[in-house]
Every structure is written in C-alpha cells, then in structure tokens.
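The values are calculated or read from the model by the stated rules, or taken from the named source; none is laboratory data. Since the model is a prediction, treat every value here as computed from it, not as a measurement. Don't worry about glycine lacking a Cβ; one is built from the backbone with ideal geometry, like all the others, and counts go over all protein chains shown. These area figures cover heavy atoms from the full protein model, side chains too; ligands, DNA and RNA do not enter into them. Shrake-Rupley method; radii C 1.70, N 1.55, O 1.52, S 1.80 Å.
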Amino acid sequence: MESQEPKVATSSPLVPLMYSNRVVLKTILECGDDEIGLFGKTVVVGGWVKSSKEVKREPMAVPLKPPEASPGPKDVTCVEMVQSRIPFFKTIIRVFGGSISSQSVREKLEPSIPKPPPPSKFYLQINDGSCVSNLMVMIDSAIVPVSASQVLPTGTCILIQGVLEKPSTHGKQTIELKVDKVFHVGTVESDAYPLSRKKLPLDSLRDSSHIRPRTTTVASITRIRSALDFATHAFFQNHGFLQVQVPIITATDSEGFSEKFQVTTLLGNTSKKGEPVTTLRPDYNEDFFGRQSYLTVSGRLHLESYACALGNVYSFGPRFRAEKTVSLKQVAEMWIVEVEMAFTQLEDSMKCAEDCFKFLCRWILDHCSQDMKFVSKRIDKTVVHRLEYMISCSYEKISYREAVEILRKVTDRTFETQLRWGVPLTDEHLSFLADDHYKKPVIIYDFPKAVKPFYVRLNDDGKTVAAFDLVLPKIGRVITGSQSEERFDMLTTRIKEFDLPRDQYEWYQDLRRHGTVKHSGFSLGFDLMVLLTTGLTDVRDAIPFPRTHGKASN
C-alpha cells in the first residue's frame with residue numbers, strides 16, 4: 001500500500017531526519033519535561049508494529065426523517081412501483097393458499113447493497129529502533145478499513161502522519177499519535193514470522209539473525225554496541241592516535257600457534273597444464289597470491305610498521321581463528337581493537353589499556369542510560385553497578401609467578417588443568433583470580449615466553465616476556481598486550497624457536513634493521529566489551545551475524 005510522498009508540517013519543532021523526512025521516535029519519547037509541548041504537533045513517523053488491538057465502536061443510529069411534502073409531480077421508477085404493490089401481491093398469494101415472506105420478496109426486488117464494516121479504532125505499539133520505548137498509535141478504520149489482525153499484525157511496517165495528543169486510553173503511555181494519513185503499509189506473513197511469539201529466548205533467535213534486531217533486547221544490545229564503537233574511536237582520536245586499516249588477508253602468521261583460515265582459489269580449478277587441482281598436493285604458485293595466504297589472526301605486526309613511522313596508531317576490524325572448540329567467549333570471527341605506540345614500554349601499554357577500558361565503561365553509562373536500564377531489568381540486574389565499580393576501583397597487578405603461587409594454595413576446589421609454572425592460565429584460573437580471590441579487575445604480567453607470541457620482548461631473566469592480560473570478573477580476559485621485541489638478534493632467535501618460515505618475516509625484521517625503536521601495544525576484544533556492558537553471557541548474542549563452527553547461514 002503506497003501513497004504520496006509524506007510531508008512534515010513546517011510548524012513542528014521536531015526536526016525530521018535529513019534523508020527520510022521522518023521524525024525518529026526517540027525525539028518524541030525521550031524528550032523529558034518537554035513532552036507536553038509536543039501536543040498538537042503534526043509529525044511523520046515510521047516503524048514496525050510490536051502489538052495491535054482493535055476496538056470496535058457501536059454504529060450510531062440514524063434518526064428517521066419525517067416525509068417531506070412533494071413539491072410537484074415526480075417520476076416513479078419500476079422498483080418503486082413494484083414495492084408499492086407488495087401488499088396487493090401478498091393478499092393475492094394468501095387467497096390462493098400460498099405463502100411468501102416479505103423478506104424474500106424484498107431481497108429479490110431491492111437492489112443488492114453491501115453493508116459497510118462496523119466502525120473501529122486500531123491501537124498499535126510501534127518502534128523504529130531508535131529507543132527502547134514504543135509509541136502508541138491510534139488509527140481510525142476509515143483510514144485503514146480492514147481488521148488489524150489481517151493487515152497490521154506484529155511485524156508490519158508502517159509510515160504514517162498524525163497529530164501528537166494526550167493518550168485516549170489509560171496506560172503507561174504519556175503521549176499518543178492520532179493518525180490522519182497512511183503512506184505505506186509493509187505487510188507480514190504472520191504464520192511464518194519468527195517474532196509472532198512474545199519474549200523468545202536469545203538462543204532461539206540465533207537462527208534468525210536477520211530478523212532478531214526487531215526484538216527489544218537485540219535492538220538495545222545493538223545500540224550499546226554502536227555506542228562502544230563510537231567511543232573507541234573517540235578515545236584514540238582524542239589522544240592523538242591515527243587509525244590505520246590493516247589487511248584481512250595475510251601471508252604472515254602473527255602469533256605462531258593459532259589455527260588459521262586459508263584463502264585459496266585453487267579448489268575446483270585446473271592447473272596451467274590443464275590437470276585438476278587436488279587438495280593433497282596443491283601448487284600454491286598457481287594460487288591467486290602465488291603463495292599460501294590466510295585470514296588474519298591479528299593485525300599488530302602490520303600496525304607496528306606504521307607505529308614505527310607515525311607514532312601512536314590503532315586499528316579496528318575483524319580477526320579470524322579456525323578453532324572448532326565450543327566457547328561462550330570465542331567464535332570464528334571476532335572484532336578486535338589493536339593499538340601500537342612508539343617510544344613506549346610495557347607499563348605504558350598497561351596504563352593506556354586501563355584508561356581506554358574505563359573510558360568505554362563511563363561512555364556507556366553516560367550515553368546509553370535507557371538501554372542500560374532495560375538490559376539491567378531484562379538481562380543482568382548488576383550490570384550497571386559492576387561497570388561503576390570497574391571505573392572507580394584500583395586494579396590489582398600481579399606477575400604470572402604470583403598468580404601461580406596463589407592458585408597453588410587453593411584447597412577448596414580442584415582445577416581441571418594441573419597447574420605448574422610454564423602452563424597457560426585457563427579461563428578457570430583467571431575466573432578464580434578475578435571473581436573469587438580479588439573480586440575486581442586483575443592485570444597479570446611477565447608470562448613464560450612459551451605461552452606468548454614470538455614477537456613479545458624477552459625479559460632479562462631469559463624465561464619470561466613483557467606481556468600482560470587484563471582479566472575482569474565474570475568476563476575473563478578482555479585485553480592482552482605486550483612490549484614488542486625491538487632487538488634484531490633476539491627477534492631472529494624467537495622466529496627460529498617457533499619454527500616459523502623466515503622469508504615470511506623479512507619485512508618485519510626490516511623494522512629492526514632500519515631505525516628500530518621500543519614500542520608496545522595491546523588488543524582489546526570488542527565483542528567481549530559488549531558482553532560486559534550488556535550483561536550477556538554468550539558472545540553469539542553480542543555479534544550481529546556470528547560465525548561459528550558449522551554455522552554461517554547468512
């Protein structure tokens with residue numbers, strides 16, 4: 001159903017969007033004490049129906065008018081003449097013993113006139129994704145002359161114009177839109193619409209990633225995610241960092257021990273000799289890039305090259321790990337914020353990471369109050385308090401050795417992984433330290449060199465490297481950082497220890513050959529920040545289109 005292009009009354013103080021000429025519902029529903037001043041204003045709004053209700057009205061009785069005196073002769077139609085003779089016909093029929101109802105005679109003689117539907121009003125709750133609250137909309141059946149259950153069910157998209165008024169019904173709403181024009185109705189197949197049921201659990205929505213943003217919960221999560229995205233750029237831009245886009249496809253293994261996605265065009269093709277390419281012995285010289293290539297696990301190596309020329313830089317994008325293990329905190333594609341700073345050491349990165357983390361927490365509390373109020377009610381009642389505490393408290397800093405000593409002294413529980421020096425700390429270990437032992441964020445530093453990537457700077461003891469993890473209660477490891485190895489000889493030795501192909505890292509070693517400098521940085525798990533700020537427990541609910549082992553349907 002389409003109509004003419006909507007126009008907003010010029011007298012309305014509500015400014016429409018520049019590119020769609022409609023007013024977003026947030027400007028109406030979150031205007032605070034100025035709401036009374038909106039009454040009487042004409043606006044154009046659009047959105048999707050969250051619920052609909054039809055209220056039928058009793059038709060008004062039409063008073064009978066007394067017959068008017070005829071001003072003169074009048075032509076009589078055949079129908080009128082027959083109608084005037086009905087009593088005479090009925091008398092004749094009775095005389096001859098027949099019977100007929102006046103109703104049947106009337107039905108045959110009177111013209112067929114369709115009866116209009118009874119008048120009614122439709123009350124709709126609509127939402128356009130700009131805020132948590134819905135706008136109550138009242139549409140008279142004269143504008144949409146069909147049943148709301150048939151044309152305006154949950155999921156219907158409408159674009160309408162109307163006047164803002166006080167609510168005509170008693171309820172939570174403090175403002176209502178009385179519609180006078182309908183510009184568009186996008187119908188919905190109710191039987192097939194996944195959101196016809198109310199309050200579907202999050203796990204059941206994962207199979208409908210393309211529709212789930214229309215739920216109030218996922219919409220709030222998305223707005224919080226968007227605010228975190230904006231805040232991330234704001235923090236680094238405000239502190240003089242330059243953004244650098246690093247490649248997604250790379251021939252360099254940045255960590256040395258992560259499962260990677262290989263990128264190739266060989267499968268299903270034929271070689272230059274016309275022979276089919278097999279997966280057993282592919283000739284990568286004939287591949288698109290002429291060598292083995294992968295989806296990047298980390299962009300920090302490429303970021304270093306710009307830090308060693310421009311100073312402080314950061315990148316923000318997707319990173320990929322082909323790990324088939326099932327985890328609530330890890331999927332195949334994760335968005336990561338990566339930072340590199342020239343002329344800095346480990347302590348500088350630790351301070352920057354802490355400041356960045358607190359800035360993001362504060363930003364969400366200051367700019368997403370309504371969404372935080374909703375997720376506190378719907379997902380986690382303690383999320384706001386937890387963020388406030390993480391902003392105000394001091395963070396515990398301990399070395400890896402100290403962490404191991406604390407964990408070894410634990411007697412009231414048994415860890416699945418046997419703990420000894422040199423073994424990576426598992427999620428279970430980190431959870432105990434942050435949730436149970438310290439009950440606040442913990443920064444662990446100076447890890448054994450075998451558990452961190454090859455490029456991390458070797459400490460003077462020859463056993464540990466200058467790396468750190470920021471571990472949070474409930475979430476676990478959110479930030480991991482390090483000081484990079486700036487010494488050419490040391491870096492060459494580390495590449496050999498990891499048995500990495502040296503030719504792939506010639507360009508990386510050039511940064512040490514030509515004007516080397518001490519530098520450090522960190523990686524922040526952006527999707528994990530969304531988990532923290534929303535109270536979610538599964539990262540698949542924090543990512544718009546999660547990619548997991550065996551699932552990438554849309």
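What the table shows:
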read-out: Residue selected from the stretch 140-166 under the condition open to solvent by 30 Å² or more (accessible area, probe 1.4 Å) and under 29 Å from the mean Cα position of the chain (by Cα), by the criterion modelled with the lowest pLDDT; value: Val151
read-out: Some residue of the stretch 192-203 being more than 24 Å from the chain's Cα centre (by Cα) and either part of a loop (DSSP other than H, G, I, E, B) or loosely packed, with under 14 Cβ neighbours inside 10 Å (or both); value: no
read-out: Residue in the stretch 435-447 that is in a helix (DSSP H, G or I), farther than 22 Å from Arg512 by Cβ and β-branched (Val, Ile, Thr) present; value: no
read-out: Qualifying positions in the stretch 204-223 - over 15 Å from the mean Cα position of the chain (by Cα) and either of a type in the set (Val, Ile, Thr) or within 19 Å of Thr156 (Cβ to Cβ) (or both); value: none
read-out: Spans of helices (runs of 4 or more DSSP H) in the stretch 339-413 with at least 1 residues of a type in the set (Gly, Ala, Ser), open to solvent by less than 70 Å² (accessible area, probe 1.4 Å) and under 21 Å from Leu228 (Cβ atoms); value: 346-367, 369-378
read-out: Among residues of the stretch 167-179, those that are free of Cβ contacts under 8 Å to residues at least 60 places away in the same chain and either open to solvent by less than 70 Å² (accessible area, probe 1.4 Å) or part of a strand (DSSP E or B) (or both), counted; value: 7
read-out: Selection count, the stretch 427-450, where residues are open to solvent by 30 Å² or more (accessible area, probe 1.4 Å) and of a type outside the set (Asp, Glu); value: 8
read-out: Pairs with Cβ under 6 Å, 6+ apart, first in the stretch 288-313 and more than 17 Å from His514 (Cβ to Cβ) and open to solvent by less than 10 Å² (accessible area, probe 1.4 Å), second in a strand (DSSP E or B) and polar (S, T, N, Q); value: Thr296/Thr250; Gly299/Ser315; Leu303/Ser315
read-out: Tally of residues being open to solvent by 80 Å² or more (accessible area, probe 1.4 Å) and either more than 20 Å from the chain's Cα centre (by Cα) or closer than 16 Å to Phe241 by Cα (or both) across the stretch 323-338; value: 3
read-out: Flag for Val331 being at pLDDT below 95, in contact with a Ser or Thr (Cβ under 7 Å, 6 or more places away or on another chain) and either of a type in the set (A, V, I, L, M) or more than 30 Å from Thr548 (Cβ to Cβ) (or both); value: yes
read-out: Residue within the stretch 203-224 that is out of contact with any helix residue (DSSP H, G or I) (no Cβ under 8 Å at 6 or more places or on another chain) and over 21 Å from Asn554 (Cβ atoms) present; value: no
read-out: The stretch 204-226, subset part of a helix (DSSP H, G or I), in contact with a Leu (Cβ under 9 Å, 6 or more places away or on another chain) and of a type in the set (A, V, I, L, M, F, W, C), residue surrounded by the most Cβ atoms within 10 Å (Cβ to Cβ); value: Ile221
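Residues checked against (1) out of contact with any Leu (no Cβ under 6 Å at 6 or more places or on another chain); (2) of a type in the set (Lys, Arg); (3) open to solvent by 70 Å² or more (accessible area, probe 1.4 Å); (4) in contact (Cβ under 8 Å) with a residue 24 or more places away in the chain:
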site	(1), (2), (3), (4)
Leu425	yes, no, no, yes
Phe468	yes, no, no, yes
Pro473	yes, no, no, yes
Thr480	yes, no, no, yes
Glu485	no, no, no, yes
Lys496	yes, yes, yes, no
Gln504	yes, no, no, yes
Asp510	yes, no, no, no
